[in-house]
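S.K.: Let me begin by handing over the structure; questions about it come next.
The values are calculated or read from the model by the stated rules, or taken from the named source; none is laboratory data. Note that the structure is a prediction, hence the values are computed from the model and not measured. As a convention, Cβ positions derive from the backbone with ideal geometry for all residues, glycine included, and neighbour counts pool all protein chains shown.
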Amino acid sequence: MAAADHLRIHLRGFLPLDLCKELSFIHRSCSTVGYRPNVFSTTLAHLAATNCAHLILPFVTVRERLKEKAEEFFGCEFELFVEFTGLISWCRGASIGWHSDDNRPYLQQRDFAAVCYLNNHGKDFKGGVFHFKDGEPASIAPVAGDVLMYTADDRNIHAVDEVLDGERLTLTLWFTRNGTHDEDAKLTHVLSQILAEHVRGKPYSFLPLSAPDSMYWFSDGHFGFDVRCARVQNLGFKFCKSKHQESSSFDLANGPLELLGRPVRLGRGDKIFDREFINSLHGLQVVQFYHLKASEFLASGKHSEPYTLDNEMNGMELVLPCDHQFAGRVLGDFHDDDDGDDDDGDGIWGHLALAVSRWEEHMGSLSKELLMLIPQWVTHQTVFRPPTHEKLLGSDRAPSGTQSEGATCAIQLGPGTRGAL
Ligand SMILES: O=C(O)CCC(=O)C(=O)O
Ligand SMILES: [Fe+2]
């Protein structure tokens, strides 16, 4: 079958909804301001650079399945490399006019694209419909779990309508025949360094490391916000000072946003959750994990872990130059009908306490899995899921080709660690 025979395919329900949600969790916990106006992105290289290499694991199986599907459909078995993998979200105002995906000199290696939709047009965002200039299907309104694959050349000129409200989220991959642009070679190089440090006595830590503050700063030239603050705010929380912080003793050479790289606590209303997070990204990941898991916590009947609250909010909220109204306009108000959480305060704090320990367990188990896999990945210069590894991990990974990839969330290998293995 020649590639010319098949230019594009719309695959419905290719990604399980659990995986869509887990990838959304990763994006909302780790994204930085993206490469174009009104866009946020989370690349695998960024995850590796910010102590979050273990969060590459939920991508591995779907990445392999997408590459296999592209090779089969476009008739180029064993010829393709993944050139780029990223979570990309477009917020209000983002759009792209008619283009092909190889339309710049530095993009000419791109042969095929796979765009996986992680949320729904109409429900999670308005606008953002995809159009091909010629041929069928002509227009695609994103549905969570659907994938669009197409050749990256000018036989697939396409455009995306402006996003009018909410945040439109995709997992986007490009494939190439050119091995010098192999993303896996770059990733395995970085991961081998991480493993070498771990072995040499700097134990792998799953506590996130902040990138420079400028990477989280979103601005339209007049107003601005820090995306870490905005995403915590969007779920009803705010960053508060650490209990031990004497702000006067800080030398904030680069301004108040520096406080987001230091220990923080989480507040809601007039109460502070009395737990220190190593930095704002750590707090943000736990809040997003709480949101991801709230309905599961309710259904399991496990509602709470012990927690204490500090009622002294006065003067404790971090004063940052974030325009929350602007952030609300850009990112939209977050609605998720099935998070299962009502707004009664006690339930929220109990669930947050539960999320803290479950987050540690989950990240601890992903980190162990990553450290086990890196040697094989480095040997083969490929990021892959060895079949024997699935068996070792037990029954929570169904065979590929079924609704299976979301299962990484279910793995729990034991009690929480303290962030370093
Ligand atoms: O997100 C989409 O539907 C397509 C985006 C696109 O065309 C691109 O990033 O080149
Ligand atoms: Fe495109």
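S.K.: Go through ARG65, ARG36 for me and flag whichever is outside the structural domain of PHE237 (by TED's automatic domain parsing), surrounded by fewer than 20 Cβ atoms within 10 Å (Cβ to Cβ) and part of a helix (DSSP H, G or I).
M.R.: Within the list ARG65, ARG36, the selection yields ARG65.
S.K.: Of all residues in segment 130-143, how many are in contact (Cβ under 8 Å) with a residue 40 or more places away in the chain, part of a loop (DSSP other than H, G, I, E, B) and either basic (Lys, Arg) or within 13 Å of ligand 1 (Cβ to nearest atom) (or both)?
M.R.: 2
S.K.: Restricting the search to segment 135-185, which residues are among the charged types (D, E, K, R) and under 30 Å from TRP377 (Cβ atoms)?
M.R.: ASP146, ARG177, ASP182, GLU183, ASP184
S.K.: Oh, and also: List every residue pair whose Cβ atoms sit under 9 Å apart, with the two residues 6 or more apart in sequence or on different chains, where the first one lies in segment 249-278 and is on the phi > 0 side of the Ramachandran plot and assigned by TED's automatic domain parsing to the domain that holds SER304 and the second, anywhere, is crowded, with 16+ Cβ neighbours inside 10 Å and not in a loop (DSSP other than H, G, I, E, B).
M.R.: GLY255/ASP213
S.K.: Yes or no: segment 56-76 includes at least one residue that is in contact with a Ser or Thr (Cβ under 8 Å, 6 or more places away or on another chain) and within 26 Å of GLY221 (Cα to Cα).
M.R.: No - not one qualifying residue is present in segment 56-76.
S.K.: Still on this structure, please answer the following. Could you list all residues from segment 106-121 that are within 12 Å of ligand 1 (Cβ to nearest atom) and either surrounded by 20 or more Cβ atoms within 10 Å (Cβ to Cβ) or assigned to a strand (DSSP E or B) (or both)?
M.R.: Selection gives ARG110, ALA113, ALA114, VAL115, CYS116, TYR117, LEU118, ASN119, HIS121.
Listed here are the residues, each with its yes/no results for (1) buried (at least 21 other Cβ atoms within 10 Å of the Cβ); (2) within 14 Å of ligand 2 (Cβ to nearest atom).
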site	(1), (2)
GLU79	no, no
VAL82	yes, no
SER89	yes, no
ARG92	no, no
ARG104	no, yes
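S.K.: Take the residues of segment 163-215 that are in a strand (DSSP E or B) and more than 17 Å from the chain's Cα centre (by Cα): which is farthest from GLY283 (Cα to Cα)?
M.R.: Checking each candidate, the answer is THR176.
S.K.: Which one is surrounded by the fewest Cβ atoms within 10 Å (Cβ to Cβ) among residues in segment 122-145 that are away from ligand 2 (no atom under 16 Å from the Cβ) and closer than 21 Å to THR42 by Cα?
M.R.: Here the residue is VAL143.
S.K.: Tell me which residues, restricted to segment 144-162, are outside any loop (DSSP other than H, G, I, E, B) and closer than 23 Å to THR61 by Cα.
M.R.: VAL147, LEU148, MET149, TYR150, THR151
S.K.: Would you please name the residue that is surrounded by the most Cβ atoms within 10 Å (Cβ to Cβ), looking only at residues in segment 5-33 that are of a type in the set (Asp, Glu) and modelled with pLDDT of 95 or more?
M.R.: GLU22
S.K.: Could I ask something else about it? Under 6 Å between Cβ atoms, at least 6 apart or on separate chains: pull out the pairs that start in segment 115-127 with a residue that is farther than 12 Å from PRO16 by Cα and outside the structural domain of GLY13 (by TED's automatic domain parsing) and end on any residue that is among the aliphatic types (A, V, I, L, M) and buried (at least 22 other Cβ atoms within 10 Å of the Cβ).
M.R.: Note: no pairs meet the criteria.
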